[in-house]
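Readers should treat all values here as calculations from the given coordinates under stated rules, not as data from a laboratory. Fair warning: this is a prediction, and the values are worked out from it, not measured in the lab. Cβ sites come from the backbone with ideal geometry, for glycine too, and all protein chains shown count toward neighbours.
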Amino acid sequence: MQADSLWTVSEDQFEPKRQNHAETVFTTGNGYLSTRGAMEEGYPGERRTTFISGVFDDIPISLTELANAPDWLELHLLLSGEVFRLDQGEILGFQRVLDLRTGLLRRSVRWRSPMGRTTRLEFERFSSLADPHLNILRVRVTPEDYAGTLEVHAGLNGDVDNEGFKHWEWLGQAAHNGSLWLHTRTRKTHIELGQAARLTLSGPAPIQGDGWDVHNHPTLVRRTALQPGQTAYVEKVVAVYTSRDVPQPLNAARAGLDPAVLPSPAWDHLWEPHAKAWEKEWAACDVTIEGDDEAQIAVRFSLYQLLIAAPRRDERVSIGAKTLSGYGYRGHAFWDTEIFMLPFFTYTRPEIARNLLSYRYHNLDGARKKARNNGFKGAQFPWESASTGEEVTPTWVPYFADPTKMVRIWTGDIEIHISAMICFALCQYWTATGDDEFMLQRGAEVFFEVARFWASRAEWNKSAERYEFRDVIGPDENHDHVDNNAFTNAFARWTLRTARRLLDWVEQRDPALAADYRARLQLDEAELTLWQKVAEKIYFAYDPSTGLVEQFEGYFQRRDIDLAAMEPRTESVQGLLGIEGANLVQVIKQPDVLMLAYLLPELFDERSLHANYDYYTARTDHTYGSSLGPSIQAIMACRLGRQEDAYEHFIRAARADLRDVRGNAGDGIHGASAGGVWQAVVFGFGGLRVNEKGWTVQPHLPAHWKRLTYRFKFRGQEQVIDLPGKGPFSSEEA
Ligand code: IFM
């Protein structure tokens, strides 16, 4: 493959049946907003969507979701009176290419109309990374074998919905004198949105134009004439602001398109700073793999998807499990962000990691409220989070196997490890960056409140003389309402101990601040003693004779079925056995205990690692279980020297969205899998380990990889690791 093709993802057929998958893959964006790869002219069944980070709105009943913004993309072309549509006439040539290096989406089409006229069209678009409020598309239109007219309609369409539910109310609009704008507001959360657009048409013949002031869909129209072989240039540039950004978003959007600020045509003015901004991003994080083109492209694709979802200027938003690229999980953030996506940012773009962690800090009050409502102290972070930190997990959803039935979702009630995951991510960020100030001012408060939650949630079992966490769901969601999930218990203990040490450190570093925390949070000695007592006595089901950790109490008594004997299958074990059925057997959705071994390696010795790896690997639904599992499984396989296993799991993660392994990529990118792919390469094959003392590299490259390079930052210093061979292989301190 050419070096350039290792930076692209492409398709060379228009396939209406898989258009939703393609829309996800070809998402463009800049962290402020993302637009799915729908086509400008629009097709039945499409999920045409632009999500703006943090723009949530409520829907009945007590649900909140990212609101699909009024459509900026719309562009219709009439070629000598015939509407350009790929589902009519004949497609003589088609290619779409996403350039991961610059976030440019290009579509080349040769199309014969129903009347037999042939036209070449070159579409391009991007959302500026340099100025996140600006989006631009352009088309070059060339009639090949006819002389005729070109008419362009470019609108801002406020009549959009989230697959049925309309979030926007109209406030105002205009479409005249070349000016186009739309002013709308979300119905419940009252976030105002100002959008302004400018349409440019140029070509060899005179241009005429007017505007259609259709309610909620203002549109500009331009017309010209073309001879065979002549090319017309169409450009639509759109500015987007919300009241989350500025007090007067409409004014800001209109001002952004003022020709004195942004000359017309705008493409070249926007392109250069945009391309430079992307160059800077990749310089900080690119990974190169020689000897495996599929892996190379998949890694860059994963990083691209994370980068276009990452908040660069906003610390009150997170990244949803499906990034900003689809309706899945309604834009809500899970532990996917802290454990799977965040390490990539922590080690390559710590400023973004800081924003993401600040989001949790700003939402502490929501988490406090959740703890209080459940009868606990401190902060219990929501399993699914939107803009306030309050729980937004739906309690009932249609059953995926039979949407006429509703199923109760318990994760929002009892999947409680999320709070510890936030603390873990804070520590990881702190260790990697040495950002003491952030830990002192923000991280510590989160830690203390979460520790307090764990101490109040723990239950004393008098007869067994231990603290327990009953009625929980661990990372493996095939089993709910279990007691003493090992992952949850171990992380409760870790948080309590780390919080105590952190308080000592704050006391040393800044006694006044420590006193302030003690007073403001009412942290007295009795409570601190309780943290210690609970931590010492938390039950952890480790069997020294086998080295096995029981995933939860009674897990080993569940029916042990032969997963291999169920092959070949095309759906998850939960899908085949039903929710109740899956609860009764040992098959797990993701490797709960191995995830623990990955995150807290100090709890497992070599023998125990092998024992748990063998036991749980055979019982994990790797193919159709959770997309979070394969990358972690790959890392653990690397650490245990199981190279072939490692690659098999890694490539499964790498293909999750590009090949639509689970058949649901149309709902959006699996953000955790994308982050996991980076971790599998860097922490797995690349062998990076980091602790307070420094870092070491002990590589485990797949046999067919000729070379791997990756970069990361440790305490502000950029490190480039070039494998095999070229050290250094540790920092001096480690
Ligand atoms: O957070 C995950 C969970 O671990 C498994 N179910 C899907 C969630 C969102 O990706």
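Across the cross-link table entries Lys236/Lys713; Lys377/Lys713; Lys166/Lys236; Lys188/Lys369; Lys377/Lys537; Lys17/Lys276, which are compared at the Cα atoms, the separations over 30 Å belong to Lys236/Lys713; Lys377/Lys713; Lys17/Lys276. Using only side-chain charges placed at the Cβ, +1 for Lys and Arg and -1 for Asp and Glu, the dipole size of the chain relative to its Cα centre rounds to 700 debye. When only the Cβ of Lys, Arg, Asp and Glu is charged (+1, +1, -1, -1), the dipole of the range 402-487 relative to its Cα centre reaches about 200 debye. Over every Cα atom in the range 314-377, the radius of gyration and the widest Cα-Cα span, Dmax, amount to 13.1, 40 Å. Loop-located GluC sites (Glu not before Pro) in the range 420-482 (DSSP state not H, G, I, E or B) with no more than 11 neighbouring Cβ atoms inside 10 Å: Glu465. Note on Glu163/Thr709: beta-carbon distance plugged into 1/(1 + (r/R0)^6) with R0 of 45 Å gives a FRET efficiency of 0.60.
Spin-label model, Gln508 to Tyr399: label points 7 Å out along the Cα-to-beta-carbon direction sit 5.7 nm apart.
Based on the reciprocal of the average 1/r between different C-alpha atoms, the Kirkwood radius for the range 81-167 equals 15.4 Å. The relative contact order of the chain comes to 11 percent, based on Cα pairs under 8 Å that sit 6 or more residues apart. Relative to the longest principal axis of the Cα atoms of the chain, the long axis of helix 643-654 lies at roughly 40 degrees.
Of the GluC sites (Glu not before Pro) in the range 129-171, the ones in a loop by DSSP (not H, G, I, E or B) with at most 10 other beta carbons within 10 Å are Glu163. Count Lys and Arg as plus one, Asp and Glu as minus one, and take only other residues whose Cβ is under 13 Å from that of Trp460; the net charge is then +2. Taking label positions 7 Å along the Cα-Cβ direction at both Gln557 and Asn374, the computed distance is 2.5 nm, reported to one decimal. Subtracting the Cα-Cα distance of Glu279 and Glu122 from their residue separation scaled by 0.36 nm leaves 54.1 nm.
Under the criterion of Cα pairs below 8 Å and six or more residues apart, the relative contact order for the range 203-285 equals 18 percent. Helix-only arithmetic for the chain: the sum of -39500 (n - 2.57) across DSSP H runs with n ≥ 4, divided by the residue total, places the mean residue ellipticity at 222 nm at -9500 deg cm²/dmol.
For the pair Thr149 and Asp210 in one chain, pulling the backbone fully straight at 0.36 nm per residue adds 20.4 nm over the alpha carbon distance. Modelled this way, with points 7 Å down the Cα-to-C-beta line, the labels at Leu521 and Gln719 are 3.0 nm from one another.
Taking the Cα centre of the range 476-569 as origin, work out the dipole magnitude from +1 charges on Lys and Arg Cβ and -1 charges on Asp and Glu Cβ, in debye rounded to 20. Dipole size: approximately 300 debye. Cross-link partners for Lys322 among the aspartates and glutamates, with Cα-Cα distance under 15 Å and sequence neighbours closer than 8 places in the same chain left out: Glu23, Glu65, Asp336, Glu338, Glu384, Asp657, Asp660, Asp667. Between the listed residues Gly326, Gly687, Leu609, the Cα displaced farthest toward the positive end of the dipole of the chain, a dipole computed from Cβ unit charges relative to the Cα centre, is found at Gly326. Each of Leu548, Trp271, Val55 was placed along the dipole of the chain (beta-carbon charges, centred on the mean Cα), and the one lying farthest toward the positive end is Trp271. As a ratio to 2.2 N^0.38 Å, the alpha-carbon radius of gyration for the range 166-219 is 1.40. If you bin every alpha carbon distance in the chain into 10 Å steps from zero, what whole percent lands in each bin? With a bin width of 10 Å, the distribution comes to 3, 14, 24, 25, 18, 10, 5, 1, 0, 0.
Taking a sphere under 14 Å around the Cβ of Ala486 and counting the other residues whose Cβ falls inside, with K and R at +1 and D and E at -1, yields a net charge of -4. Seen from Arg639, the other residues with C-beta closer than 15 Å to its C-beta sum to a net charge of -3, counting Lys and Arg as +1 and Asp and Glu as -1. Size estimate for the range 490-589 follows the Kirkwood approach: the inverse of mean 1/r over distinct Cα pairs works out to 17.6 Å.
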